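Below you'll find the structure, written out as structure tokens, and then a few comments.
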Protein chains: 2
Amino acid sequence: MRRDVFQAIADPTRREILNMTAAESLNINAVSGQFDVSRAAIYKHIKILTECGLLVIKQQGRERYCEARMGKLNVVADWVNQYRKTWEARLDSLEMYLQEMKTKQPATKKKNTKK
Amino acid sequence: MRRDVFQAIADPTRREILNMTAAESLNINAVSGQFDVSRAAIYKHIKILTECGLLVIKQQGRERYCEARMGKLNVVADWVNQYRKTWEARLDSLEMYLQEMKTKQPATKKKNTKK
DNA sequence: AATTTGTGAAACCAAAAGGTTTCGTATAAC
DNA sequence: GTTATACGAAACCTTTTGGTTTCACAAATT
């Protein structure tokens, strides 16, 4: 099954799993032990992460260690960065709001008077 | 409803909507016209994007223009960037694989011999 | 005034997501 | 050899998603 990195990191539990394994490899039980849901539930999250390459499982005896492959996040970084110019140029969100507040007259509604 | 940016950008249709509106504001119909699903379906996507601030709706007469607020993507950029050092240091994915191939002996299994 | 256009929202639906319990099995430990 | 551990996977369930059709309504057109 081909999984999407964007979808994989959409879930907070999966982001937490990545965070836990980013520094050091952990086996499945060690990972699931950190959450209050069942091991099976965590196992499914881990599976999704492996399906898009963000995690690699390495067997050692009866244990399976999860190794994070954060390099796979570059597709996300690239996607976000392509808009950085746009958002920095436009002074988005708060800055843009404040900009409008002081440059325009009280009534903000710009009526389309293309009569 | 408080929406999560990570979840909002998980859907490819929503990423496409952001892409379309990043350069110029478009009204709802103009946006939905670019997809082969119903206007109502696209409207729901737009709603989700507004709920997490990635899109702002501005009314002009009977039309509603969608303005992208890409600055909201900074939470994603920040989250990804915190791992950049990790993944660059480790030479993730392909590079790491190749690294292992040439530095280790044929049998890659590293047996834990902590007897 | 009547009609068209652009939208908001409700009711409904199938599939996917996220969770649970249960069971089988290979490896380690006793 | 028997038991305990660490998984993998199946069966099942509920909620969320992403989609549809339909209806209502205000603004713009004719």
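Here are some notes:
- Residue count, the stretch A:43-67 (criterion: within 13 Å of DNA strand C (Cβ to nearest atom), outside any strand (DSSP E or B) and in contact (Cβ under 8 Å) with a residue 12 or more places away in the chain): 7
Conditions (1) assigned to a helix (DSSP H, G or I); (2) at positive phi; (3) away from every other protein chain (no Cβ under 14 Å), marked per residue:
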{"position": "A:Gln7", "(1), (2), (3)": "yes, no, no"}
{"position": "A:Glu16", "(1), (2), (3)": "yes, no, no"}
{"position": "A:Val37", "(1), (2), (3)": "no, no, yes"}
{"position": "A:Ala41", "(1), (2), (3)": "yes, no, yes"}
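- The stretch A:32-64, subset near DNA strand D (Cβ under 8 Å from one of its atoms) and buried (at least 19 other Cβ atoms within 10 Å of the Cβ), residue nearest to B:Lys85 (Cα to Cα): A:Ile46
- Here A:Ala23 fulfils each of the conditions (1) within 14 Å of another protein chain (Cβ to nearest Cβ); (2) in contact with a Leu (Cβ under 9 Å, 6 or more places away or on another chain); (3) under 29 Å from B:Ala77 (Cβ atoms) apart from (2).
- As a summary of the residue check, A:Glu67 satisfies the conditions (1) within 14 Å of another protein chain (Cβ to nearest Cβ); (2) more than 10 Å from DNA strand D (Cβ to nearest atom); (3) within 19 Å of A:Phe6 (Cβ to Cβ) except for the one numbered (3).
Read-outs: derived from the displayed coordinates by stated rules, not from any lab. Predicted, not measured: the structure shown is a model, and the values here were computed from it. Here the Cβ is made from the backbone with ideal geometry for all residues, glycine too, and neighbour counts use every protein chain on show.
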